[in-house]
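J.: Mind looking over this structure? Questions follow.
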Amino acid sequence: MGDVTGGELLVRSLHAEGVRHVWAIPDGTYMIFLEALERLGPELGMELLVPDHEAAAAHAADAMTRVTGKPAVVMACAGPGAANLISGVLCAQDEGSPLIAITTTRRSDIAYPHLGGMQVLDQMAYFKPAVKWNTQVKQWKRIPDGVRQAFREAMTGRPGPVHIEFPEDVLAQKGDLDSVSLWVQEEGSTAPAPADPDLVRRAAEMLVDARLPLIHCGGGTQRSGAGAEIRALAEYLGCPVTMGAGSRGIVPDGHELTLQPTSPASAVAKNMADVVLAIGTRLGELDFWGKPPVWAAPGQQKLIQSDVDPRSIGLSRPVDLALVGDARAVAGQLLGAVRELTPKREAHEQMSSIRAAEESWREQMDARIANLDRRPMVSGQIFAVTNEYFADDAIAALDGGNTCVWAAHYLKARAPRSMLWTSNAGHLGTGLPFAVGAKIAAPDRTVFCVTGDSAFRFNMQELETAVRYELPIIVIVAVDGAYGMEKSAQRRVFGREADWYGSNHAPVRYDKVAEAMGCHAEFVESASELSAALERATASGRTAVIHAAVDPVENIDPPGLALWSAARAGAA
C-alpha cells in the first residue's frame, strides 16, 4: 500500500481495536494524526470529538466506557494538554474505567526537560501512578504493537486507564504499511474470567444453606454488565440485594428484593444476613469497610467475596471463601450451581419485615419533600420530579457534594448502567462531561444531568461542546449559591457560628449563561414548576439547562449526612 505516516498508522491501529471516536483538541504535535483521521474517518467510520478542556474530554470518554463497557480514547498534546488530562485520567483510575489516554511529546531530539524545551515535561513519570500501564512508542513500526497492548492492559483484570506516548517525529515518520501487521483483537483475549468451579460449588452450597443470604453488589458488577445474572440469582434464592454507591440500578430500585443503599433497612439486612455474597467490590469506605455495626461480625456472618482482581479480596475483613473472576461470569456460575442444589425459592420470609422498614423510611423521606410549591425548593424534590418524568432506561449523570447525597436518597436507578457518578473519586466537574459522553455513546437513550452549581462551574464550558454536536441533553443545576457540602463540614468542624468562610458564591443565573452559549434555558424556583420546564426542554430538541433554585439552609443538612460523616471519619 506504500508509505504512510505514523499518524495514519495510529489511526488504522485504533480502528483495528474497534475505536469509532477519538476525543482530542487539535494540536500541532499530532496534526499529522488528525490529517489521517480527517481523510480516512468516513471510510473507517471514525470521528474526531473536540472538547473545550482535556480533563472534560477524559470524563466524557470515561462515561462512554461505563455506558458501553468498552474502552474509549482521549488524546492530549505535549506539555499543558497532557497536564490538563491527568485529573480526568486519575478519576477514571479510581472508578475502574478502561480509558486509553494518548499523549504526544515534542520531537525526540528536543524532548528533554533539562534542556529547557518549550512544552517539554516528564509525562511518562507523572502519568505512571495515574494508570494501570504506560509506554512510549519510539519507532514507527511499533505503533500497532503499542496500541494492541494498551487495549489488552486496559481490559485485563480490573479495568482501568492506560497511557501511550508518541514523540511527534514518530507520528511524522513514514513507512511501508505492508511491513507491519494490523489485526483485529483476538476473540476471547479479554473475555470475562470465570472462578474456580469447585469453589463456586462450595459458595453455592453456603448460599443455599444460609438462614438469610444476601447479595451485595459493587461497581465491578456494572463494569462487567452483570445485571441480568445478579437479578436472576437473587430471584432464584429469594434473597435481598444491596448495592454500593457505584452499582445503583444493577438490580432496579423498586424491585421487591432491592434495598436502597441509604435506607436503614439496607443496614438491617446486612446485619441480619448470616451469609453474604459481596461481588465486584472491595468493601470500601462507602460500604463501611464491611465491618460492624452496619455488617455483622465475622464470627457471626460468613463472607463470600468475589472480584476480578485478587488484590481486592480480604482487604477489610476476613473472607470465608474467595471467588476470583469477572462478576458477570461468577454470577452466572453461581446461578447454575444453585439451580442444581435447590428449586426456585419464594422471597425470603424476612423480606416482609425488611421491606416494611424500607417503606417506613421512605415515608419519612417523602414527608420532607411533600410541599412541591415551596420556594426555593428542597434539593431532593428535583429527583422526585425526574423519577416521574424520565423513562426507566434514562441515564442520569450526577455531580456535586450534597447534591449527590440527596440523589443517594431520592433518585431511583431503574436500569443497569443508568447512573453515572464518581462514587470513589468524588470528582467535581464530571456531570456535564459525563452527560455529553453518555449521549454520544447511547444516542437512543435519554440523558440528563443533575449537578450542584459549584460542581457545574468546573466544566460548564462543555455546554459549547454539547451545542456544537447538537446533543439534546438536559442539565438541571441545583443552585444554592455555595459550596454546600463545605458549609456542612464547616458547621461540624468549626463548632461555632461562622460567616460561611470561603463557601459562598457571587449570584449567577446559569440559565442566562446557558442561553448565551446557545442552549434552551429555564429558571424554576419550585418543584411544581420543574415538570413543565422539563417538557419544554425536551420539546426544544436542544441542549437545555434548567436553573433550579434550592433552599441553601435545607441544603446544608441533607438526609443521612450524619451517617455519611461518621463513615468518612471512620466512626461507623
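The values are calculated or read from the model by the stated rules, or taken from the named source; none is laboratory data. Predicted model only: the values in this text are computed from it and were never measured. Note: ideal-geometry Cβ built from the backbone for every residue, glycine included; neighbour counts use all protein chains shown.
J.: Hey, can you tell me all the residues within the range 485-516 that are in contact with a His (Cβ under 9 Å, 6 or more places away or on another chain) and aromatic (Phe, Trp, Tyr)?
T.: 510, the sole residue that qualifies.
J.: Still on this structure: Taking the range 246-269 only, how many residues are surrounded by fewer than 24 Cβ atoms within 10 Å (Cβ to Cβ) and assigned to a helix (DSSP H, G or I)?
T.: Residues that pass the stated criteria total 4.
Residues checked against (1) surrounded by fewer than 20 Cβ atoms within 10 Å (Cβ to Cβ); (2) under 25 Å from residue 374 (Cβ atoms); (3) among the acidic types (Asp, Glu):
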{"position": "486", "(1), (2), (3)": "yes, yes, yes"}
{"position": "492", "(1), (2), (3)": "yes, no, no"}
{"position": "499", "(1), (2), (3)": "yes, no, yes"}
{"position": "508", "(1), (2), (3)": "yes, yes, no"}
{"position": "530", "(1), (2), (3)": "no, yes, no"}
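J.: Quick one: which of 78, 83, 63 is touching a residue at least 24 places away in the same chain (Cβ under 8 Å), in a helix (DSSP H, G or I), crowded, with 24+ Cβ neighbours inside 10 Å and of a type outside the set (Val, Ile, Thr)?
T.: Details: 78 fails: in a helix (DSSP H, G or I); 83 fails: crowded, with 24+ Cβ neighbours inside 10 Å.
The match here is 63.
J.: Quick check, is residue 358 over 29 Å from residue 422 (Cα atoms), touching a residue at least 24 places away in the same chain (Cβ under 8 Å) and not hydroxyl-bearing (Ser, Thr, Tyr)? Lay out the reasoning, then the answer.
T.: On the way: over 29 Å from residue 422 (Cα atoms): no; touching a residue at least 24 places away in the same chain (Cβ under 8 Å): yes; not hydroxyl-bearing (Ser, Thr, Tyr): yes.
Criteria not met by residue 358.
J.: Please specify each residue of the range 541-557 satisfying the condition of being of a type in the set (Gly, Ala, Ser) and not in a loop (DSSP other than H, G, I, E, B). Steps first, answer last, please.
T.: Step one: of the range 541-557, the residues of a type in the set (Gly, Ala, Ser) are 541, 544, 548-549.
544, 548, 549, listed by residue number.
J.: Please go through the range 430-461 and pick out each residue that is part of a helix (DSSP H, G or I) and charged (D, E, K, R).
T.: First, the residues of the range 430-461 that are part of a helix (DSSP H, G or I): 431-441, 453-458.
Hits for the range 430-461 are 439, 453, 457.
J.: Here's a follow-up. Report, by residue number, each residue of the range 348-401 that is of a type in the set (Asp, Glu) and either in the same structural domain as residue 256 (by TED's automatic domain parsing) or outside any loop (DSSP other than H, G, I, E, B) (or both). First the steps, then the outcome.
T.: First, the residues of the range 348-401 that are of a type in the set (Asp, Glu): 349, 358-359, 363, 366, 373, 388, 392-393, 399.
Answer for the range 348-401, where residues must be of a type in the set (Asp, Glu) and either in the same structural domain as residue 256 (by TED's automatic domain parsing) or outside any loop (DSSP other than H, G, I, E, B) (or both): 349, 358, 359, 363, 366, 388, 399.
J.: Another one. So in the range 300-315, with the set limited to residues that are among the aliphatic types (A, V, I, L, M) and assigned to a strand (DSSP E or B), which one is surrounded by the fewest Cβ atoms within 10 Å (Cβ to Cβ)?
T.: Of the range 300-315, the ones among the aliphatic types (A, V, I, L, M) are 303-304, 308, 313, 315.
Add one more test, that the residue is assigned to a strand (DSSP E or B), and what stays is 303-304.
Working: 303: 24, 304: 26.
Looking at the filtered set, the residue picked out is 303.
J.: If you don't mind, another one. Among the residues of the range 469-483, count how many are surrounded by fewer than 16 Cβ atoms within 10 Å (Cβ to Cβ) and not in a loop (DSSP other than H, G, I, E, B). Walk me through it before giving the result.
T.: Taking the range 469-483 as the starting set, the residues that turn out to be surrounded by fewer than 16 Cβ atoms within 10 Å (Cβ to Cβ) are 469-470.
Among the residues that remain, those that are also not in a loop (DSSP other than H, G, I, E, B) are: none.
So the count comes out to 0.
J.: Among 486, 464, 497, which is the only one that is more than 29 Å from residue 391 (Cβ to Cβ), assigned to a helix (DSSP H, G or I) and in the same structural domain as residue 540 (by TED's automatic domain parsing)? Outline the logic, then answer.
T.: On the way: 464 fails: more than 29 Å from residue 391 (Cβ to Cβ); 497 fails: assigned to a helix (DSSP H, G or I).
Of 486, 464, 497, the one residue that is more than 29 Å from residue 391 (Cβ to Cβ), assigned to a helix (DSSP H, G or I) and in the same structural domain as residue 540 (by TED's automatic domain parsing) is 486.
J.: While we're here: Quick one: is residue 283 in contact with a helix residue (DSSP H, G or I) (Cβ under 6 Å, 6 or more places away or on another chain) and at pLDDT 95 or above? Steps first, answer last, please.
T.: Working: in contact with a helix residue (DSSP H, G or I) (Cβ under 6 Å, 6 or more places away or on another chain): yes; at pLDDT 95 or above: no.
The answer is no for residue 283.
J.: Is there a residue being crowded, with 22+ Cβ neighbours inside 10 Å, small (Gly, Ala, Ser) and under 22 Å from residue 423 (Cα atoms) anywhere in the range 196-203?
T.: So far as the range 196-203 goes, no, none of its residues is crowded, with 22+ Cβ neighbours inside 10 Å, small (Gly, Ala, Ser) and under 22 Å from residue 423 (Cα atoms).
J.: Name the pairs: first residue in the range 499-515 and hydroxyl-bearing (Ser, Thr, Tyr), second residue modelled with pLDDT of 95 or more and in a loop (DSSP other than H, G, I, E, B), Cβ to Cβ under 9 Å, at least 6 apart or on different chains?
T.: As it stands, the answer is 510/460, since those pairs meet every condition given.
J.: Residues to consider are 286, 323, 277; find the one that is within 28 Å of residue 66 (Cβ to Cβ), touching a residue at least 60 places away in the same chain (Cβ under 8 Å) and either assigned to a helix (DSSP H, G or I) or among the polar types (S, T, N, Q) (or both). Full working, then the answer.
T.: Details: 323 fails: either assigned to a helix (DSSP H, G or I) or among the polar types (S, T, N, Q) (or both); 277 fails: either assigned to a helix (DSSP H, G or I) or among the polar types (S, T, N, Q) (or both).
Criteria check complete, one pass: 286.
J.: Here's something else I'd like to know. Among the numbered conditions (1) over 30 Å from residue 493 (Cα atoms); (2) modelled with pLDDT under 95; (3) not charged (D, E, K, R), tell me where residue 506 comes up short.
T.: Residue 506 satisfies all of (1) over 30 Å from residue 493 (Cα atoms); (2) modelled with pLDDT under 95; (3) not charged (D, E, K, R) except (1).
J.: Among the residues of the range 179-186, is there at least one that is modelled with pLDDT under 95, touching a helix residue (DSSP H, G or I) at 6+ places or on another chain (Cβ under 7 Å) and within 25 Å of residue 62 (Cα to Cα)?
T.: The answer is yes, given that some residue of the range 179-186 is modelled with pLDDT under 95, touching a helix residue (DSSP H, G or I) at 6+ places or on another chain (Cβ under 7 Å) and within 25 Å of residue 62 (Cα to Cα).
J.: Starting from the range 222-247, keep only residues that are within 16 Å of residue 261 (Cα to Cα), then list their pairs with residues that are outside any strand (DSSP E or B) and among the hydroxyl-bearing types (Ser, Thr, Tyr) whose Cβ atoms are within a distance under 6 Å, requiring at least 6 positions of separation or different chains.
T.: Filtered contacts from the range 222-247: 222/247; 242/266; 244/281; 245/423; 246/423; 247/221.
J.: Quick one: count up the residues across the range 448-468 that are closer than 13 Å to residue 399 by Cβ and not acidic (Asp, Glu). Write out each step before concluding.
T.: Initial filter on the range 448-468 (closer than 13 Å to residue 399 by Cβ): 448-460, 462.
After this cut, where a residue has to be not acidic (Asp, Glu) as well, the list is 448-452, 454-460.
Residues that pass the stated criteria total 12.
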